[in-house]
Amino acid sequence: MKTRKFKDGDVVYRQGDTSDSAYIVQSGRVDLFKDGATGPVLVATAGPGELFGEAGLLDSRPREGTAYCAGDVSVRVLPRREFLRRIENDPATAMTVMAKLAQRLRETDERAAMTAAWDGGAGLPVPVEHGEGALIVPPVVDPRRRTLMTRLFGRWRSSGGEPRESGSAVRPFRVLVAPFGNDPEDTQRPHVVAWLGQLEGFTAKDHGKPLPAEGDALLAQGERFRRADAIARRWLADDKADLVVWGEVDPEGRMIQVHFTAAPWADEDKAGQPVPLVWLPLPCYFDEGWAPLFHTAVMAAVEPRGDGQAQFLSLRLPGWLDAARTFIDTPVEGLYQIETAQIFAVYGMAAAVCGGLNPGSGMQEYGGDVLRSAIEWTPAENADVWYALQRQLGLTYQAIAERTNSPDYFHAAAEAYRQAIYGTERALDPTTWGSLHNRLGVVLFRLDMAEGNPDALREAVGAFQYALTVFTRQAFPWHWSEVMHNVSQVLQVYGDAHRNQEVLERAIITSRNALLIRRQETVPHLWAASRNSLGAALFLLAKHTRNGAPLVEAVQCFSDAVATYRVLGSRALGKVAEKNLDRAQGLLDRLGGESAVKG
């Protein structure tokens with residue numbers, strides 16, 4: 001069988017093509033889509049060792065779906081004649097193919113049912129009349145229509161504008177809307193709630209008092225927004241909601257500054273996560289022309305709780321982004337410069353979120369470009385916003401770098417984090433300051449791994465040390481354990497390169513420290529990662545000291561990681577741990593570690 005290689009986003013075959021071959025994935029992941037009533041539906045994925053494209057070979061029918069590469073992919077090509085010969089001559093192969101087809105059929109039915117439950121109605125765009133001095137809004141694109149942008153992404157997603165149908169299998173996102181400051185008659189909140197009611201998959205209700213609080217009026221803007229964000233987080237916890245919409249009407253009474261506070265994200269530093277200093281400017285009593293931008297911001301702000309909500313967002317968000325892109329291609333006239341900057345910022349962050357939900361779509365890269373434009377638009381007097389956007393740019397570039405292992409993006413992420421650190425005061429926002437240093441350390445460590453940069457490794461150690469001055473075990477146990485885990489990895493690289501026993505022993509200690517907080521019963525995925533890291537440190541110590549004693553524990557650590565990843569269904573991480581286990585067991589056998597320990 002011959003081997004073919006594809007790049008991220010490449011198409012292996014399209015729906016309707018002749019079925020002439022099956023494929024076995026050697027590396028990477030392939031997403032399989034099938035056209036539905038409202039657009040393509042993700043029906044299955046194929047990872048290393050898995051077969052795809054076999055259905056059409058059995059009945060000589062054209063391809064029933066399209067196969068996209070999520071990252072770089074290598075496949076072995078199995079021509080139809082060879083495939084059929086194997087099925088005829090090998091009953092085990094035939095049973096494997098039948099089981100796979102049955103599994104895909106079940107997955108397709110489940111996803112189709114979910115998609116049908118979310119099937120939206122007509123969109124809202126209509127011509128908008130402009131009076132003298134009114135803001136000029138570019139034409140709105142129907143978010144359900146296939147446009148050049150969505151075709152270039154290679155995966156069209158449907159979107160709609162009608163309320164969610166009852167009986168959906170996916171829980172709707174719950175949004176709380178606070179009264180807006182500087183709006184004593186409470187005229188704008190009902191308008192916002194009404195537009196949220198038009199957004200498929202979301203419910204909204206009035207809640208609380210105006211944010212920021214009136215008593216905070218004399219505080220600096222950043223501190224006012226941080227306090228309001230903290231209050232909104234308490235509302236989210238009390239009401240078990242997903243999002244709080246808050247803000248204030250500007251002193252001129254022309255625009256609402258709309259802020260978003262989301263329920264805690266799985267990754268507190270994920271690209272696109274709402275932050276207090278980034279807000280969406282919307283005209284008072286905004287109309288259909290602005291609705292796609294508002295809906296895009298809302299959808300990107302929430303964190304999905306479960307695969308169903310994640311699937312819903314991955315299907316709908318690209319369409320709304322496409323509809324709102326006119327605000328980027330043709331900036332609105334009549335806005336202040338900071339308002340234009342904030343529109344670019346909100347859109348760029350939403351694109352980064354979309355790229356995370358749809359790897360290989362190119363949306364993260366596009367989001368980074370838009371964020372850079374937002375930074376350029378930001379006036380000098382809004383330095384706090386400028387630094388906040390540098391942090392968002394760093395998060396976006398880091399996500400791209402970790403997906404592509406690109407040194408250029410690691411360098412760009414590091415520079416963005418340095419800029420953000422420069423503008424973040426530790427005394428006012430210690431958590432952000434510490435997180436930025438931790439992120440900078442991770443990026444520099446990965447940069448050294450990618451291109452062998454000892455200067456980056458030394459700077460990484462310093463960044464982690466700064467982070468630990470804030471993230472103590474008593475005050476921030478989870479952040480502390482994350483930094484400890486990262487430090488251990490850096491020490492392993494340095495200790496291995498310099499054959500330094502003392503450094504490797506320190507790596508073992510820091511891994512054990514991380515495991516004091518990362519417990520199997522509470523965070524099994526993090527526990528497995530740190531068990532694997534501890535095993536690696538022990539293995540390196542044994543390798544350089546030629547002492548088999550640490551290998552016994554290393555084997556146990558790797559075994560624990562393998563077992564946990566299997567339970568969690570993390571195949572890629574499980575294979576890494578399995579390779580580590582094999583290496584440790586092999587070295588143990590060579591060094592006679594068992595007898596050394598017993599003796």
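The values are calculated or read from the model by the stated rules, or taken from the named source; none is laboratory data. Not measured: the values here are computed from a predicted model. When we count neighbours, we look across all protein chains shown, and the Cβ atoms used for this are built from the backbone with ideal geometry, even at glycine. Side chains included, ligands, DNA and RNA excluded: accessible areas come from the protein's heavy atoms. Shrake-Rupley method; radii C 1.70, N 1.55, O 1.52, S 1.80 Å.
Straight-line reach from Lys34: which lysines have Cα under 22 Å away, leaving out those fewer than 8 places along the same chain?
Those lysines meeting the cut-off are Lys7, Lys100.
Which lysines have a Cα lying under 27 Å from the Cα of Lys240, excluding residues fewer than 8 positions away in the same chain?
Lys205, Lys209, Lys270
Starting from the stretch 250-316, pick out the chymotrypsin sites (Phe, Trp or Tyr not before Pro) whose DSSP state is loop and whose Cβ has at most 13 other Cβ atoms within 10 Å.
Sites meeting the loop and neighbour criteria: Tyr285.
What distance in nm separates the simple spin-label points at Asp250 and Glu365, each placed 7 Å from Cα in the Cβ direction?
Here the answer is 3.5 nm between the modelled labels.
May I ask you to list the lysines whose Cα is less than 24 Å away from that of Lys543, ignoring any residue fewer than eight positions away on the same chain?
Candidates past the 8-residue exclusion: Lys575, Lys579, Lys598.
About its Cα centre, what dipole magnitude does the stretch 173-370 give when the only charges are +1 on Lys and Arg Cβ and -1 on Asp and Glu Cβ, stated in debye to the nearest 20?
So the magnitude is around 460 debye.
How long is the gain from Val11 to Ala310 if the chain were fully straight, where each residue apart is worth 0.36 nm and the alpha carbon distance is subtracted?
Residue separation times 0.36 nm, minus the Cα-Cα distance, leaves 105.3 nm.
Please list the three semi-axes, largest first and in whole Å, of the ellipsoid equivalent to the stretch 173-370, using sqrt of 5 times the eigenvalues of its alpha carbon gyration tensor.
In descending order the semi-axes read 24, 20, 16 Å.
Can you give the Rg and Dmax of the stretch 419-534 based on its C-alpha atoms, in angstrom?
Every Cα atom of the stretch 419-534 included, Rg and Dmax give 14.1, 42 Å.
Given a Förster distance of 25 Å, report the FRET efficiency between Gln520 and Arg4 from their Cβ-Cβ distance, rounded to the nearest 0.05.
0.05
Hand me the trypsin sites (Lys or Arg not before Pro) from the stretch 506-573 located in a DSSP loop with no more than 13 other Cβ atoms within 10 Å, in residue order please.
Passing both the DSSP loop test and the Cβ count: Arg519, Arg546.
Given points 7 Å out from each Cα along the Cα-Cβ axis, report the Glu502 to Asn182 separation in nanometres with one decimal.
Calculated label separation equals 6.0 nm.
Write out the GluC sites (Glu not before Pro) in the stretch 240-297 meeting two conditions: DSSP loop, and at most 14 other Cβ atoms within 10 Å of their Cβ.
Answer by residue number: Glu252, Glu268.
From the phi angles alone, apply the Karplus equation (6.51, -1.76, 1.60; θ = phi - 60°) to the stretch 252-264 and give each ³J(HN,Hα) in whole Hz, x where the residue is Gly or Pro.
7, x, 9, 10, 9, 8, 9, 9, 10, 10, 9, 4, x
Local charge sum around Val244 (other residues, Cβ-Cβ under 15 Å, Lys/Arg +1, Asp/Glu -1)?
Net charge in that neighbourhood comes out at +2.
Quick one: accessible area per residue over the stretch 173-370, 1.4 Å probe, rounded to a whole number of Å²?
That works out to 33 Å² for each residue.
For the residue pair Thr545 and Ser27, what label-to-label distance in nm results when each label sits 7 Å from Cα along the Cα-to-beta-carbon direction?
My value for the distance between the label points is 3.4 nm.
Which length gain, in nm to one decimal place, applies between Val567 and Arg61 when the Cα-Cα distance is subtracted from 0.36 nm times their residue separation?
That pair, Val567 and Arg61, stretches by 178.4 nm at full extension.
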